[in-house]
Amino acid sequence: MKHFSSKFLLVASAFLVLSSCSTMKKASKSKKGDNTAAKPAAKKADKNGIQPYSKVITKDAKSDTGLFTVHQLDDKYFYEINDSLFDREMLMVTRISKTASGLGFGGGKQNEQVLRWQKKDKKVILRIVSHNVVANDSLPVYQAVVNSNFEPVLATFPIKAIGKDSVSTVIDVTSLFEGDVKPFGLASGARKAYKVTRLENDKSFIESIKSYPHNIESRHVKTYSAGNPPSNGSTGTISIEMNNSMILLPKVPMKRRYFDERVGWFTSTQTDYGSEAQRSKKLEYLDRWRLEVKDEDIEKFKRGELVEPKKPIVYYIDRATPEKWRKYIKQGIEDWQVAFEAAGFKNAIIAKDAPTPEEDPEWSPEDVRYSVVRYLASPIPNANGPHVSDPRSGEILESDINWYHNVMSLLRGWFFVQTAAINPEAQSPEFKDEVMGRLIRFVSSHEVGHTLGLPHNMGSSAAYPVEKLRDAEFTKQFGTAPSIMDYARFNYVAQPGDDGVALMPNIGIYDKYSISWGYRPILDKTAEEEKETLNQWILKHAGDPLYRFGHQQAGNVVDPSSQTEDLGDNAMLASEYGIKNLKRIVPNLIEWTTTEGETYEDLDEMYGHVISQFNRYMGHVSNNIGGVYEYYKAAGQDGAVYIHVDKNHQKEALQFVIDNLFETPEWLLDQDIFNKIEYSGSIERVRKLQARTLNNVLSVGKMARMIENETINGNDAYKLTDMTRDLRNGVWTELRSGKAIDTYRRNLQRAHIERLAYLMNAPNQNGASGSRYIKATAVNTSQSDIRAVVRAELTSLQRAIRSGLNRTGDSMSRIHLQDALERIDVVLNPNG
């Protein structure tokens, strides 16, 4: 998915300047009978209706100089555009600035366009420019591309005045931001979801428009009439403050670097109709900062010496950031210096405190010249690292890291539940500043990685053998994963006695490799000519798991080696260690989370983290069932890109789930905790845990991939019929033993029947739509083997239950089994 910045703008409005009346009043007689003198006519506008500058921009105007000079007169706004800026391309990013509950989040991008301001006769025209379709202007096809890519007109503005020096043009842009100009407001998907019908003009207004040397920032409040508002439903409206950022794009675009899926990167794309291929060609290139070697240092660079870039990447720490956390955020930023050294640069990324108002009264985080870590007093437990890039070249122009105050709450929960079993520093509801500071540094490094162009590398952590994560020497050198861009949070594998083991990742081997691959200059070659060198850099490490990239998977997890929050190369072994640590934490939760005289709020929160962590382990393991590994390769490399997970590995994964989750996890059921945090809910909590994983095991996509695996690999595959039988035997063990079925197991068994019933009527599933992130296996459920296998499974279960009824003497168990038979009969014979 692509990151963006929280700065940019545009502004507009429509202001009617009234001409003075040119009709002379008739002479009237005074009481004395004298004629009064006639008043002179007011000065006329020229024939195009253009007023004198002083009539439009009066002495009462508040003027802000920058990219355009912005004039404010009461509630009207004017742009004074230097004529040299007409026909220059400008990037407009529309984001949510402030929002109500349920209406997205502050900084959430809504739209992005390239704009062009043009002067034509007595009007200024605002056009939307597309760079999606291109062709070299020297080719015959270029004209066809131009003809099919006409730039739509977004708005037109009458020229109100010509600047004092006759090299600038004044227009009224109020209507651009007060009106419902859709690209500058709420995104179309949100309008549809909230059933927006119209803009309520009387409740919409411009908050501010500010001009900086390279950008203009506008904020405006939009109130829409909505049939389905997510909050404050009684008003029938939604109100949201939008921010439009307009930035001047460079005259000369940066040289591109073309993307390769074997190295993860955020990208920009175009469709090229001018290539020699017999079809249009998709061009995809990296989003990256413009790091260039100084002319005087080129020979040093060629000799392999580190050189400073012409312009380093500089991040400023927001003035609002608490003093005690600033050094840790700065350390996280400058941790990336080692990666840029691998690319041939020293001092390529620098962190600075924002100047004080006394040092620089003009400094503003809204100024596109400054990339800022912005500290936000918000309950959102998160941080994010968006950036804005030039769509023509991928050059990152600016980036803001949004640092929400409550990210510390999230860090506290993760660090506690993943390390408290072995780490005394995590065994309390509040951490020492040094401990929290180190966690902040970790998150800072991760988010900076995004602003440099790097997406999550969820395949990184699978490079390390699980047992190595218990090795102090290994983890101190290599951290918990080869990439800090993985979600390899903290070392939940380490056990008591593993003294000195590292608990979190650092800038790792993969991070240095990817930054070098994306940023090391290749001198005297075009972007196209670079490709061979870039390919050789990849092939140098081909097959080495330390240099592997694995996409984050949205929706279904297909590749179990590329999951969020996991560690090591074996989910079962890593989760076994993790569960051992959770079992050590639960008996100590009350002691570690409570303070005399305080409530049990921290106990409740941390017990919730234990449940969530246990659920993650079950997801890590169960996603091996029906899994397919994805190893990106290019033509000419040996081996398959897609490989089914080994049969025995899948069987082991299912058995792990049966043993650790479907067998009731009694260690989670601590009544001393429950009687302090809830009046009921423990049974429902376990039911949800079990049902979630059960449904994941019996997902349509997994079952379809198992059928395909068997079709291709025969007996070497874990067959769907074998998996459903093994699952049935694990869920319904009491049918063979005659043992009483307790409440938790009865709930699980009903969940099993309900899932099988769902699969008998499950809708068809569409495949992924070409996204690298969205994973979905296409299945026609009515024509696949899935329903036939499920019907056979229900029939087998029906027979087993009838037989089991004769073995149990427990009355509640008999009631449950008789009910189960009725449920199955309804599924198999819906018409009676």
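The numbered conditions (1) within 23 Å of residue 711 (Cβ to Cβ); (2) buried (at least 19 other Cβ atoms within 10 Å of the Cβ); (3) hydroxyl-bearing (Ser, Thr, Tyr) are all true for residue 782 except (2).
No other residue among 192, 182 is charged (D, E, K, R), farther than 20 Å from residue 77 by Cα and under 28 Å from the mean Cα position of the chain (by Cα) apart from 192. Among the criteria (1) of a type in the set (Asp, Glu); (2) over 27 Å from residue 425 (Cα atoms); (3) surrounded by 21 or more Cβ atoms within 10 Å (Cβ to Cβ), the one residue 569 does not fulfil is (3). The number of residues in the range 377-394 that are farther than 18 Å from residue 446 by Cα, at pLDDT below 80 and touching a His at 6+ places or on another chain (Cβ under 7 Å) comes to 2. Of the residues making up the range 662-680, those that are under 14 Å from residue 583 (Cβ atoms) and assigned to a helix (DSSP H, G or I) are 666, 667, 668, 673.
If the condition is being in a helix (DSSP H, G or I) and among the charged types (D, E, K, R), then the range 783-821 contributes 787, 791, 793, 799, 802, 814, 819. Taking the range 789-832 as the region of interest, how many residues are more than 16 Å from residue 753 (Cα to Cα) and acidic (Asp, Glu)? Number satisfying all stated conditions: 1.
You will find that of 694, 689, 698, 720, the residue that is within 30 Å of residue 742 (Cβ to Cβ), among the aliphatic types (A, V, I, L, M) and over 31 Å from the mean Cα position of the chain (by Cα) is 720 and no other.
Residues of the range 742-760 include none that is within 35 Å of the chain's Cα centre (by Cα) and not in a helix (DSSP H, G or I).
Residue by residue, here is whether (1) under 25 Å from residue 349 (Cα atoms); (2) at pLDDT below 90 holds:
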site	(1), (2)
221	no, no
226	no, yes
255	yes, no
258	yes, no
278	no, yes
292	yes, no
300	yes, no
309	yes, no
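Please determine whether any residue of the range 219-240 is crowded, with 19+ Cβ neighbours inside 10 Å and closer than 30 Å to residue 283 by Cβ. For the range 219-240, residues crowded, with 19+ Cβ neighbours inside 10 Å and closer than 30 Å to residue 283 by Cβ: absent.
Restricting the first member to the range 531-559 and to residues that are over 30 Å from residue 765 (Cα atoms), and the second to residues that are assigned to a strand (DSSP E or B), the beta-carbon pairs closer than 9 Å and six or more apart or on different chains are 531/258; 534/258. Residue count for the range 711-726, restricted to those that are part of a helix (DSSP H, G or I) and crowded, with 21+ Cβ neighbours inside 10 Å: 3. If you check 463, 502 for being touching a residue at least 60 places away in the same chain (Cβ under 8 Å) and more than 30 Å from residue 600 (Cα to Cα), only one passes: 463. The listed residues are 494, 481, 488, and the only one of them that is in contact with a helix residue (DSSP H, G or I) (Cβ under 8 Å, 6 or more places away or on another chain), buried (at least 19 other Cβ atoms within 10 Å of the Cβ) and modelled with pLDDT under 95 turns out to be 488.
Of the residues 124, 93, 114, the single one that is in a strand (DSSP E or B), touching a Lys or Arg at 6+ places or on another chain (Cβ under 7 Å) and modelled with pLDDT of 65 or more is 93.
Could you tell me which residue of the range 161-203 is surrounded by the fewest Cβ atoms within 10 Å (Cβ to Cβ), considering only residues that are part of a loop (DSSP other than H, G, I, E, B) and among the aliphatic types (A, V, I, L, M)? For the range 161-203, the residue satisfying everything is 167.
The values are calculated or read from the model by the stated rules, or taken from the named source; none is laboratory data. Computed from a prediction, not measured in an experiment: that's the story for all the values here. When we count neighbours, we look across all protein chains shown, and the Cβ atoms used for this are built from the backbone with ideal geometry, even at glycine.
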